[in-house]
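Notes for the one structure printed next.
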Ligand SMILES: NC(=O)c1ccc[n+]([C@@H]2O[C@H](COP(=O)([O-])OP(=O)(O)OC[C@H]3O[C@@H](n4cnc5c(N)ncnc54)[C@H](O)[C@@H]3O)[C@@H](O)[C@H]2O)c1
């Protein structure tokens, strides 16, 4: 299928050129911008981009009109969508400004939408977005990029295949000065939902010191200033019995995200060094220490991240199945964030997700 795609939001994540690979003989690095991911998929044609900032439009045109000679730019996304009528729309506006663009894309007849994370910063917006795309039969995928990273896909395959016994615990360590709940933690929460393969039931949380009185409504600025969003430590319990502990306060080194999945028989460890399977053999668990073996895992892949996410979206549209990151799953991540805020607001107590609908109705957009 050949497909015309338009981008809304032309900052670095929208418009950057692909970075260099570790060696020129390896071509370029895995695309990490929407435009670079589009350029890596032959069936996609980038027809237009929109940003309210003229300099962003100029940079975008300068970078990409060599590759796409007919490329047009707009300052108003509604006008762009009405004029261009693209089959696919990528949404990379600030965190709290995705809903109107998605609604406008649906109105303009788009068949597929690739929307940045978080889907929204309120449950009200997330619910409206899910409703509008489902009613129109539009295929939507939310760019939780880790859902297309080989290490996490492989970890889930190993768990599904019974490689660690019944999955019991997931631990995620993140951190650094941009530990922001809606902007960055959202990736870790979605990743844990993806790996647990179950619905979160209740959450306990503590927000970063200084944010004790943050309240339950989003007070961020779209994801720019870390002072407008807290870091947090929290605990999520899933319907299938999986427990997840996530830590990410700003007063920690901004290292790579470390993830461990522990099952009844073994553990998967994922960090910058790759994936390892840790297994233990006990001769006599009561009297002798067990012997642990560590086996490196090497998944095979030909694409990853955003390029794989877009590919998955196109394939889903063609085949009529769900992409790996459907909007309902992204809505669940917003619900977990709401529960985290509510846990803090109530004095760091457990919050059941089923309570949320009643309490957060009417939370401002
Ligand atoms: N998936 C990932 O790994 C990843 C990484 C970085 C950012 N993001 C997400 O991408 C989105 C954009 O992030 P950012 O840091 O570039 O944000 P940003 O605040 O820099 O805004 C992105 C662009 O949108 C433009 N914009 C704002 N309102 C607009 C409107 N009404 N119409 C058209 N353009 C408009 C801005 O001028 C800016 O150029 C966020 O939702 C963020 O969470 C995702």
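The values are calculated or read from the model by the stated rules, or taken from the named source; none is laboratory data. Since this is a predicted model, take the numbers as computed values, not measurements. Virtual Cβ from ideal backbone geometry, glycine too; neighbours counted across all protein chains shown.
One residue stands out among those in the stretch 17-39 that are surrounded by 14 or more Cβ atoms within 10 Å (Cβ to Cβ) and farther than 26 Å from residue 108 by Cβ: the one that is farthest from the ligand (Cβ to nearest atom), which is 28.
Looking at 320, 254, 241, just one residue is away from the ligand (no atom under 16 Å from the Cβ), surrounded by fewer than 19 Cβ atoms within 10 Å (Cβ to Cβ) and in the same structural domain as residue 151 (by TED's automatic domain parsing), and that residue is 241.
Scanning the stretch 102-140 for residues that are in a loop (DSSP other than H, G, I, E, B) and at negative phi yields a count of 11.
Does residue 157 satisfy the criteria of being in a helix (DSSP H, G or I) and either outside the structural domain of residue 339 (by TED's automatic domain parsing) or over 30 Å from residue 105 (Cα atoms) (or both)? So residue 157 passes the test.
Just one of the numbered conditions (1) in contact (Cβ under 8 Å) with a residue 60 or more places away in the chain; (2) near the ligand (Cβ under 9 Å from one of its atoms); (3) loosely packed, with under 14 Cβ neighbours inside 10 Å is not true of residue 53: (1).
Limited to the stretch 86-101, what total is found for residues that are over 19 Å from the mean Cα position of the chain (by Cα) and part of a loop (DSSP other than H, G, I, E, B)? Summing the residues that are over 19 Å from the mean Cα position of the chain (by Cα) and part of a loop (DSSP other than H, G, I, E, B) in the stretch 86-101 gives 2. The criterion of at least 3 residues that are over 20 Å from residue 147 (Cα atoms) and in contact with a strand residue (DSSP E or B) (Cβ under 6 Å, 6 or more places away or on another chain) is met by the following strands (runs of 3 or more DSSP E) wholly inside the stretch 160-267: 200-207, 232-238. Residues in the stretch 78-99 that are within 18 Å of residue 32 (Cα to Cα) and crowded, with 18+ Cβ neighbours inside 10 Å: 89, 90, 91, 92, 93, 95.
Can you spot a residue in the stretch 300-323 that is at positive phi, assigned to a helix (DSSP H, G or I) and modelled with pLDDT of 90 or more? Yes: one or more hits. Whether any residue in the stretch 62-71 is within 19 Å of residue 304 (Cα to Cα), part of a helix (DSSP H, G or I) and within 16 Å of the ligand (Cβ to nearest atom) is what I want to check. Taking every residue of the stretch 62-71 in turn, none turns out to be within 19 Å of residue 304 (Cα to Cα), part of a helix (DSSP H, G or I) and within 16 Å of the ligand (Cβ to nearest atom).
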